[in-house]
Amino acid sequence: MGSKVTKIEFEFPKMKVSNNDLKIKFPGYDFDIFEKKIGIQNRYISNENETSISLGIGAAQKLFNKHKINKDEIDFVIFCSQTHDYIIPQSSTIIQDKLNLRNDIGTIDINHGCSGYVYGLSLAKSLIGSVNIRKVLFITSDTYSKYIHEKDRSLRSIFGDGASATLIEQTNENFINDFVFGTDGSGSIDLMIEKGGSKFKIDANPELLEYGTNNYYTKNCIHMNGPKIFEFTIKSIPKALKNILRTNNKTINEIDYFVFHQANQFMLETLRKITGIPKEKFIVDMKDYGNTVSSTIPIALSKLLVKEKKTILLLGFGVGLSWAGTIIKT
């Protein structure tokens, strides 16, 4: 008995923000250079009525409708997000209700970011392999824009909101191979919202802080130490790639496509050159969406599912700091 990723759909907010739109907000910044280096032209930004749950539900409904999936056959729901609608209850229970799924199913939230899709796949595979579960609905959804300060040019340029819905099914053959995980919590402070949890409440009058050049945030907002994240990525991810290949007894030549977390074009191209992955095998797909956190891998992967009998390596990395990878077959 095995498992397989069979279908993926995704959903974006209604509002698309282009680099030309951002030029109006940040007139002193050269977005032509930004686009050439970072590889992002557009991103979608949620309004006050669009949330991680609503976008996730939209992606799931697309999945059901487009592929004629009987939702009564869903046995478990996994929801991955770092921007939940509520602190309590867990979002997956609300999604079960809104999608009118059966009551005799399991639901769970996982609070992971850029490595979250691979983590969710590992959980789905384990569930299918160990209990009476045949079909898992796995939703990723993040609305980082709601936590980015309006004067944070860097993060407003990079991140976009979005959601994905993946169907993982029980099969006779195993299409999802072994997983590799990694964690370096010493870097957790390098991508963080410091206030708003149970340790530090939201500050009613937060101090405006500057970082880099003309970037601003408060401790109620997301703050990213870009150089530290880049340093972590270049140090850890090439080793992780070797570990994934070794664990699954594969070589780079035996992989048809590599789908890494779509952080930004410069970072991905640097990783590609370090690891020696051929350009034609290396997927870069963020131009029209930006960095959608846990949804970057499934959005890019969705275009490859139509290619039969392909071997694809997935590798997510980022906030935490954490990383996770596996190899799947279509």
>> Can you list residue pairs whose Cβ atoms sit under 6 Å apart, with the first residue in region 233-253 being closer than 14 Å to residue 314 by Cα and the second being acidic (Asp, Glu)? Count only pairs 6 or more apart in sequence or on different chains.
In response: 247/178; 248/178
> Is it the case that residue 308 is modelled with pLDDT of 95 or more and open to solvent by 20 Å² or more (accessible area, probe 1.4 Å)?
Replying inline: no
> Restricting attention to region 291-302, does a residue exist that is open to solvent by less than 40 Å² (accessible area, probe 1.4 Å), at negative phi and free of Cβ contacts under 8 Å to residues at least 40 places away in the same chain?
Replying inline: no
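Run down 309, 329 and say which single residue is free of Cβ contacts under 8 Å to residues at least 40 places away in the same chain and among the charged types (D, E, K, R).
Working: 329 fails: free of Cβ contacts under 8 Å to residues at least 40 places away in the same chain.
Within the list 309, 329, the selection yields 309.
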> Across region 268-277, which residue is most open to solvent (accessible area, probe 1.4 Å) among those that are in contact (Cβ under 8 Å) with a residue 24 or more places away in the chain and not hydrophobic (A, V, I, L, M, F, W, C)?
Replying inline: 276
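Given the criteria open to solvent by less than 20 Å² (accessible area, probe 1.4 Å), touching a helix residue (DSSP H, G or I) at 6+ places or on another chain (Cβ under 9 Å) and either under 24 Å from residue 74 (Cβ atoms) or of a type outside the set (S, T, N, Q) (or both), does residue 158 qualify?
Values: open to solvent by less than 20 Å² (accessible area, probe 1.4 Å): no; touching a helix residue (DSSP H, G or I) at 6+ places or on another chain (Cβ under 9 Å): yes; either under 24 Å from residue 74 (Cβ atoms) or of a type outside the set (S, T, N, Q) (or both): yes.
So residue 158 fails the test.
One line per residue, one yes/no per condition, for (1) part of a helix (DSSP H, G or I); (2) aromatic (Phe, Trp, Tyr):
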{"residue": "240", "(1), (2)": "yes, no"}
{"residue": "243", "(1), (2)": "yes, no"}
{"residue": "249", "(1), (2)": "no, no"}
{"residue": "253", "(1), (2)": "yes, no"}
{"residue": "266", "(1), (2)": "yes, yes"}
{"residue": "287", "(1), (2)": "no, no"}
{"residue": "297", "(1), (2)": "yes, no"}
{"residue": "308", "(1), (2)": "no, no"}
{"residue": "317", "(1), (2)": "no, yes"}
> When you go through (1) open to solvent by 30 Å² or more (accessible area, probe 1.4 Å); (2) farther than 29 Å from residue 110 by Cβ one by one for residue 283, which number turns out not to apply?
Replying inline: (2)
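The values are calculated or read from the model by the stated rules, or taken from the named source; none is laboratory data. Since the model is a prediction, treat every value here as computed from it, not as a measurement. Counting neighbours? That spans all protein chains shown, and the Cβs are built from the backbone with ideal geometry, glycine included. In case anyone asks, the SASA skips ligands and DNA or RNA and just uses the protein heavy atoms, side chains included. Shrake-Rupley method; radii C 1.70, N 1.55, O 1.52, S 1.80 Å.
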